[in-house]
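Reading through the structure tokens given below for one structure.
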Amino acid sequence: MLNRGVNGDLTSGMLDRFPGDAIGEKPAFVIILGGANDIGWGLDPAAIACNLTSMYDAARKEGIGPVACSVPSILGCDELIPPRLSLNQMINFEAKKRKIPFLDLFSATADQTNNRLLEIYSADGLHLNPQGYEQIAKHIFDNWLKPVLDPQTPNALG
């Protein structure tokens, strides 16, 4: 397992690095999580989704199974929650259209009453803390990796 995330990166940077960081490694699967920084810079969710879907398609073209992830919420900047929700709807739509797994990391870490990131998952409201990353890892394992590892589970690959 390799983590090729770069702090502060935008999906355009991810897309530029994707051939070497993901395709070049020839993994069986690639988990794609991006867009939070783009939203912070005020970029259009549709443009962000376009970058993400380009990565899904590039992976598929090379026989690599893409796994789409929603962007987690935020705490303290409520105006940045609606664009996250919009982007996450687009990610989910594109994942369904492509019949690839979609992992809802937003719902796994947000307060369901107000859509804010739960305080226990962040020290600053923006970045996940170890407990937040543990929650995301648990969600990914329970909702995608565990079924992939169990050949008895139907639809584990999407």
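At-a-glance table
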quantity	calculated
For residue 103, distant residues with modelled amide H under 5 Å away	68, 69, 70
Residue 65 long-range amide H proximity, modeled H, under 5 Å	29, 30
Proxy reagent accessibility, fewest Cβ within 10 Å first, across 61, 96	61, 96
Structure-based [θ]222 nm, the chain - -39500 (n - 2.57) summed over DSSP H runs of at least 4, per residue, nearest 500	-13500 deg cm²/dmol
Whole-Hz ³J(HN,Hα) from phi, Karplus 6.51 cos²θ - 1.76 cosθ + 1.60, for the stretch 115-125, glycine and proline x	6, 7, 4, 5, 4, 5, 9, 8, 8, 10, x
Enclosed volume per residue, in Å³, of the convex hull spanned by Cα atoms of the chain	111 Å³
Where labels lie 7 Å past Cα in the beta-carbon direction, separation of residue 6 and residue 123 in nm	2.5 nm
Phi to ³J(HN,Hα) by Karplus 6.51 cos²θ - 1.76 cosθ + 1.60 over the stretch 70-86, Hz, x for Gly, Pro	6, 7, x, 6, 9, 10, x, 10, 4, 5, 8, 6, x, x, 5, 4, 4
Efficiency of FRET between residue 111 and residue 141 - r from beta-carbon atoms, R0 22 angstrom, step 0.05	0.45
Net lengthening on full extension, residue 50/residue 25 (0.36 nm per residue, minus Cα-Cα)	6.7 nm
Ascending count of other beta-carbon atoms within 10 Å, so fewest first, for 70, 122, 12	12, 122, 70
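No value in this document is a laboratory result; all are computed from the given coordinates. Everything numeric here is computed off the predicted structure, so don't read it as measured data. Heads up, the Cβs are rebuilt from the backbone with ideal geometry, glycines too, and the neighbour counts pull from every protein chain shown.
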